[in-house]
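Please read the structure below before turning to the comments.
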Amino acid sequence: MCGIVSAISYRNIAFTLTEGLLRLEYRGYDSCGIALFKDGELTRVRSMKRVSDLEKQLLDCRFDGCIGLAHTRWATHGIPSKYNAHPHFSRDKFGKPTIALVHNGIIENYEELRNSLDKDSYDFESQTDTEVLAHLLNDFYDGDIFRTVLNVTKLLKGSYAIAVFCSNEPDRIIGARQGSPLIIGIGVDENYLSSDSLAISDKIKDLIYLEDGDIVELKRKSINIIDSNGSYVERYKHSVNNIIATPNLGKYRHYMQKEIFEQPRAVADTLHNVDNLSHDFFGQDYYDLFNNIDSVLIVACGTSYYAGMTAKYWIESLAKIRVDVEIASEYIYRDSVPNPNTLVLAISQSGETADTLSALKHAKSLGLKNTMAICNMNNSAIVRECSFSYITQAGIEIGVASTKAFTTQLTALFLLSITLARYRSILGKEQEVAYCRDLRHLPSAIGSVLSLEPLIMEWAKYFAHKGNSLFLGRGRHYPIALEGALKMKEVTYIHAEAYPAGELKHGPLALVSEHMPVVVVAPSDRLLEKLKSNMQEVRARGGNLYVLADKGSTISNDSGINVIHMPEYYGMISPILYTVPLQLLAYHTALILGTDIDKPRNLAKSVTVE
């Protein structure tokens with residue numbers, strides 16, 4: 001979601017900050033801004049357009065400075081507008097800006113705090129909770145902005161990552177975090193704050209992940225960190241060994257397309273060249289954990305939730321362990337019955353998903369201490385919160401609609417499923433060898449599915465002229481239908497719903513007509529004949545079927561039935577393969593419609609607020 005980049009240096013950092021914002025565009029935003037300090041004055045530029053417009057304004061106005069705060073905003077409080085864009089200022093009695101602030105997160109008690117301020121002392125220019133915080137800092141300011149931030153954060157309820165500058169103390173920037181990520185970047189005679197290491201990775205030699213409650217003072221040559229009690233603390237420095245270059249499209253038109261085609265490589269890297277399960281994929285310490293659990297609780301959101309739903313089928317079938325899959329934002333706020341022998345599995349692409357992190361902490365508060373993360377980002381908040389983790393190797397995913405992150409999650413979850421089965425002496429050697437063989441072949445199989453793109457492009461021409469679509473699947477392919485519908489909604493803005501095909505006659509069949517295309521995921525498994533009956537229910541109502549089927553399914557093109565045959569049936573792992581054509585269908589439909597594919601409206605890549 002929102003992105004923060006802040007720096008203090010001896011050199012002009014205006015375009016360093018906007019370059020950082022450009023790297024954060026993938027997170028999603030509706031406005032952006034930058035505040036700079038030079039010659040005793042705070043200046044600010046904000047835009048409702050892209051970061052490139054912000055850069056143009058800086059050039060036109062000739063703004064520069066050695067200290068600055070920059071931000072991309074995803075609206076929570078107040079409509080997207082220039083006045084609601086960050087950075088926010090608070091002014092002295094003469095109207096001169098003295099406090100500049102950028103903020104990620106939500107201050108839940110902002111109305112109460114706003115009412116506590118003297119209404120005659122402050123003019124509110126925005127509808128945001130962030131401006132309230134800026135004025136509150138001004139109100140509490142006692143000559144030491146570091147101490148002021150400590151005192152003010154004690155009053156806040158909710159989540160935040162903030163960077164603050166006070167013109168009365170021009171040699172430091174203050175940062176604080178609670179529930180939203182904030183990273184310190186250590187450079188040479190300059191230091192940074194950012195919500196994402198990608199923004200600053202090529203400018204720094206070390207980075208520090210702040211913990212909840214931490215407050216940091218940044219100077220050009222030093223940093224000081226205190227915890228919520230005001231005690232000075234040391235946090236571990238991570239060396240930045242690999243400079244992350246700005247991602248480029250190469251031969252592709254959009255990052256979503258590029259990332260779809262990167263999936264064979266991403267899956268291969270996630271598997272670490274699997275040969276057999278004797279390799280300790282999950283580490284030596286997992287043995288006792290896997291042998292002492294009798295259930296699994298999966299918490300996740302969005303696409304990651306659908307990965308968890310698929311894993312439920314795999315784990316219960318292969319390892320014979322009960323699995324519950326919870327939408328993280330719902331699990332937090334309902335009464336549940338904890339079982340101390342449960343493995344809590346948190347799934348997140350970014351590792352910073354606020355609802356999933358809260359659900360993880362809630363589970364731990366109930367006494368569920370066995371925790372594991374499936375995540376694409378090492379050292380993220382969820383990974384640090386868990387006892388164990390498995391890091392997928394999707395690489396940076398720029399497109400807001402997740403593609404390779406999802407298939408690598410599925411790959412890791414299938415590996416976990418068969419490893420659990422092996423540790424519990426359920427998986428025989430012959431079956432282990434067969435699954436490992438399938439996994440080794442998986443990247444090549446995905447490549448074969450990608451070769452179907454021209455056929456899917458023909459389907460997209462039809463879907464682009466429809467306002468609704470229905471996706472059907474059964475068994476472990478039902479979550480894949482859900483994911484296919486989600487992708488269609490995200491990037492095309494076409495209304496799409498998914499159902500288990502057996503539920504068709506219990507309501508959704510009322511929607512079926514010649515104007516409602518119905519996508520069916522139809523592998524050659526034990527539910528195929530049942531699924532064929534469901535397809536006939538659609539056909540009898542004049543619906544048009546678009547079927548992804550295995551070659552051995554005996555489903556062929558006919559009036560009202562359009563079929564694309566997958567290269568091969570892949571048994572247990574086939575959900576991963578069936579994901580790919582659904583991604584391509586959404587992408588090419590969106591391409592025809594001309595939507596902003598990599599940055600869909602109203603959406604954000606990393607959802608760091610509840």
I'm checking my understanding of the structure. Among residues of the stretch 374-405 that are more than 26 Å from Leu442 (Cα to Cα) and outside any helix (DSSP H, G or I), which one is farthest from the chain's Cα centre (by Cα)?
Ser387
Looking at the structure I just gave you, is Ala300 modelled with pLDDT of 95 or more and either out of contact with any strand residue (DSSP E or B) (no Cβ under 6 Å at 6 or more places or on another chain) or aromatic (Phe, Trp, Tyr) (or both)?
no
Here are Lys203, Lys221: which of them is in a loop (DSSP other than H, G, I, E, B), outside the structural domain of Ser380 (by TED's automatic domain parsing), within 21 Å of Asp171 (Cα to Cα) and modelled with pLDDT under 90?
Lys203
Checking Ile106 against (1) in a loop (DSSP other than H, G, I, E, B); (2) of a type outside the set (Asp, Glu); (3) touching a strand residue (DSSP E or B) at 6+ places or on another chain (Cβ under 6 Å); (4) farther than 25 Å from Ile8 by Cβ, which single condition isn't satisfied?
(1)
For the stretch 75-86, which residues satisfy the criterion of being at negative phi and in contact with a Ser or Thr (Cβ under 9 Å, 6 or more places away or on another chain)?
Ala75, Thr76, His77, Pro80, Ser81, Lys82, Tyr83, Asn84, Ala85, His86
With respect to Ser329, determine if the residue is surrounded by fewer than 23 Cβ atoms within 10 Å (Cβ to Cβ) and not in a helix (DSSP H, G or I).
no
Picking from Ser52, Ser126, Ser47, the residue that is surrounded by 18 or more Cβ atoms within 10 Å (Cβ to Cβ), more than 22 Å from Val149 (Cβ to Cβ) and not basic (Lys, Arg) would be Ser47
What pairs can you find where one residue is in the stretch 105-117 and assigned by TED's automatic domain parsing to the domain that holds His86, the other is assigned to a helix (DSSP H, G or I) and of a type in the set (A, V, I, L, M, F, W, C), and their Cβ atoms are less than 7 Å apart, with a gap of 6+ or different chains?
Ile107/Val132; Ile107/Leu133; Tyr110/Val132; Leu113/Val132; Leu113/Leu136; Arg114/Val132; Leu117/Leu136
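For (1) under 20 Å from the mean Cα position of the chain (by Cα); (2) modelled with pLDDT of 90 or more; (3) charged (D, E, K, R); (4) not assigned by TED's automatic domain parsing to the domain that holds Arg23, each residue gets a yes or a no:
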{"site": "Gln263", "(1), (2), (3), (4)": "yes, yes, no, yes"}
{"site": "Asp275", "(1), (2), (3), (4)": "no, no, yes, yes"}
{"site": "Tyr287", "(1), (2), (3), (4)": "no, no, no, yes"}
{"site": "Asn291", "(1), (2), (3), (4)": "no, no, no, yes"}
{"site": "Gly308", "(1), (2), (3), (4)": "yes, yes, no, yes"}
{"site": "Lys320", "(1), (2), (3), (4)": "no, yes, yes, yes"}
{"site": "Ile327", "(1), (2), (3), (4)": "yes, yes, no, yes"}
Cβ pairs under 8 Å, 6+ apart or interchain, first in the stretch 507-528 and assigned to a helix (DSSP H, G or I), second among the β-branched types (Val, Ile, Thr) and surrounded by 17 or more Cβ atoms within 10 Å (Cβ to Cβ), ordered by first then second residue, are Leu509/Val538
Can you report the number of residues in the stretch 151-194 which are in a loop (DSSP other than H, G, I, E, B), closer than 18 Å to Thr72 by Cβ and either of a type outside the set (S, T, N, Q) or not assigned by TED's automatic domain parsing to the domain that holds Leu137 (or both)?
2
If I filter the stretch 602-609 for residues that are surrounded by fewer than 22 Cβ atoms within 10 Å (Cβ to Cβ), assigned to a helix (DSSP H, G or I) and either modelled with pLDDT of 80 or more or not hydrophobic (A, V, I, L, M, F, W, C) (or both), do I get at least one hit?
no
Going through Ile555, Ile597, Ile592 one at a time, which residue ends up being among the hydrophobic types (A, V, I, L, M, F, W, C), surrounded by fewer than 18 Cβ atoms within 10 Å (Cβ to Cβ) and outside any strand (DSSP E or B)?
Ile592
When residues of the stretch 533-552 are filtered for being over 11 Å from Arg474 (Cα atoms) and not in a strand (DSSP E or B), how many remain?
12
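The values are calculated or read from the model by the stated rules, or taken from the named source; none is laboratory data. What you are looking at is a predicted structure, and each value in this text was computed from that prediction instead of being measured. Every residue, glycine as well, gets a Cβ built from its backbone with ideal geometry; the counts of neighbours run over all protein chains shown.
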